[in-house]
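Read-outs throughout are calculated quantities, based only on the coordinates presented, and are distinct from any laboratory measurement. None of these values were measured; they are calculated from a predicted model. FYI the Cβ positions are ideal-geometry reconstructions off the backbone, even for glycines, and counts take in every protein chain you see.
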Amino acid sequence: MSSLRSITFATLAKDIRLEWRSKDALNAMLFFSLLVVVIFSFSFDPNAEESRQIAGGLVWVAFLFSAVVVLGGRGTEPDLGAGTA
């Protein structure tokens with residue numbers, strides 16, 4: 001079980017290092033989150049008390065949607081390093 005855990009953590013650390021270097025997914029996630037927040041801000045009255053109560057949840061939903069969109073496409077990218085693309 002510890003072998004599986006160490007492999008999982010090593011893979012996670014490698015993926016985080018790669019993403020931190022390229023910053024492609026991070027930039028796409030931030031832009032998409034900002035876009036979702038701006039679009040939703042048009043649909044709610046910013047002066048209403050209800051809008052202030054749901055603002056925090058809206059930001060988290062935007063971050064989660066952007067993560068799903070960006071990370072969901074990671075398996076469909078061509079493998080340029082293998083020369084198959």
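Taking the Cα-to-Cβ direction at Val37 and at Leu58 and moving 7 Å from each Cα, how far apart do the two end points lie in nm?
It works out to 1.1 nm between the two label points.
Label points 7 Å out from Cα along the Cβ direction at Asp45 and Phe65: separation in nm?
Going by the 7 Å Cα→Cβ label model, 2.3 nm.
Could you give the length gained by full extension between Asn27 and Ala10, i.e. 0.36 nm per residue of separation minus their alpha carbon distance, to one decimal place?
3.7 nm
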